[in-house]
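I have placed the structure first, in the form of structure tokens, so that the comments after it can refer back to it.
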Amino acid sequence: TFRKKAHAISELIGNKSLILCDECDDCNGGIVNKMENSVATYFKALRPLLGIHGKSGIPSYKKNELEIGQMSPGHVNVMVGQQNLKVTHLEDGGLKMSVKVDCGKYVPQHIYRLICKYALSVLPDHEFDMSTFEDLRNWILTGTQRGCPLPLVAASVDGRQNPQFPQISVYKRRDQGCLKFPLYLVDF
């Protein structure tokens, strides 16, 4: 059945408008929920810091003398206890403060699989050839991998930019015969 609203990119990280019409309720509610739980855990402290709206607005974070919450749009309140704070004196006389955040347990592969699902979800129909993506689709749905190893992933978060919605770009290499580079590159 196709009764549930299926988001191409998870609503919990800010997507309110990019909806899929071809994701069944079993996929949307089953394995996708498990993968989204890992994403929610991984970004637990970052979502309130960046003001990312989920289903119920901007969440807050509170654990071990660390509290992060939105006071008003663009204004974040961070309360840090001594056990979570590390202060380093810089050569130029400034200070660098590092805050230790414990978000809990998550499954890294769930996050990876979900980002791959996002990429497949936004591919234009003329780019989506099931024979090309069958192994990837099966891996996303089952976690069972066969064939070539998974590619490396580079992850970083740029807190200087605060997009109002998640952004994803999928790039396709021009030279189809060049196997030195991946066929697709995803920037999420």
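Here is the figure for region 1-50: residues that are small (Gly, Ala, Ser), modelled with pLDDT under 85 and under 26 Å from LYS100 (Cβ atoms) total 0.
Within region 59-71, can one find any residue that is closer than 26 Å to ALA6 by Cβ, surrounded by 10 or more Cβ atoms within 10 Å (Cβ to Cβ), touching a residue at least 12 places away in the same chain (Cβ under 8 Å) and not acidic (Asp, Glu)? For region 59-71, residues closer than 26 Å to ALA6 by Cβ, surrounded by 10 or more Cβ atoms within 10 Å (Cβ to Cβ), touching a residue at least 12 places away in the same chain (Cβ under 8 Å) and not acidic (Asp, Glu): present. Could you tell me which numbered condition GLU36 fails, if it satisfies all but one of (1) within 28 Å of HIS7 (Cα to Cα); (2) among the acidic types (Asp, Glu); (3) assigned to a loop (DSSP other than H, G, I, E, B)? The single condition GLU36 does not satisfy is (3).
Among the residues making up region 45-58, those that are crowded, with 19+ Cβ neighbours inside 10 Å and either free of Cβ contacts under 8 Å to residues at least 60 places away in the same chain or in a loop (DSSP other than H, G, I, E, B) (or both) are ALA45, ARG47, PRO48, ILE52.
Within region 1-29, the set of residues being assigned to a loop (DSSP other than H, G, I, E, B) and either of a type in the set (Ser, Thr, Tyr) or open to solvent by 30 Å² or more (accessible area, probe 1.4 Å) (or both) comprises THR1, PHE2, ARG3, LYS4, LYS5, SER10, LYS16, SER17, LEU18, CYS21, ASP22, CYS24. Please go through region 78-103 and give me each residue that is free of Cβ contacts under 8 Å to residues at least 40 places away in the same chain and in a loop (DSSP other than H, G, I, E, B), ordered by number. Correct list: GLY81, LEU90, GLU91, ASP92, GLY93, GLY94, LYS100, ASP102. Here PHE133 fulfils each of the conditions (1) assigned to a helix (DSSP H, G or I); (2) open to solvent by 60 Å² or more (accessible area, probe 1.4 Å); (3) at pLDDT below 85 apart from (2). Do we have LYS62 as assigned to a loop (DSSP other than H, G, I, E, B) and of a type in the set (Lys, Arg) here? No; evaluated as a whole, the condition is false for this residue. Only one of the numbered conditions (1) in contact with a strand residue (DSSP E or B) (Cβ under 7 Å, 6 or more places away or on another chain); (2) closer than 23 Å to ALA40 by Cα is violated by ILE140, and that is (1).
Sort through TYR171, TYR118, TYR112, TYR106 and tell me the only one that's in a loop (DSSP other than H, G, I, E, B), surrounded by 11 or more Cβ atoms within 10 Å (Cβ to Cβ) and at pLDDT 85 or above. Talk me through it step by step, then tell me what you get.
Details: TYR171 fails: in a loop (DSSP other than H, G, I, E, B); TYR118 fails: in a loop (DSSP other than H, G, I, E, B); TYR112 fails: in a loop (DSSP other than H, G, I, E, B).
Going through TYR171, TYR118, TYR112, TYR106 in turn, just one is in a loop (DSSP other than H, G, I, E, B), surrounded by 11 or more Cβ atoms within 10 Å (Cβ to Cβ) and at pLDDT 85 or above: TYR106.
The values are calculated or read from the model by the stated rules, or taken from the named source; none is laboratory data. What you see is a predicted model; the values in this text were computed from it and never measured. Neighbour counts run over all protein chains shown; Cβ positions are idealised from the backbone, glycine included. Remember, those area values only see protein heavy atoms, side chains included, never the ligands or the DNA or RNA. Shrake-Rupley method; radii C 1.70, N 1.55, O 1.52, S 1.80 Å.
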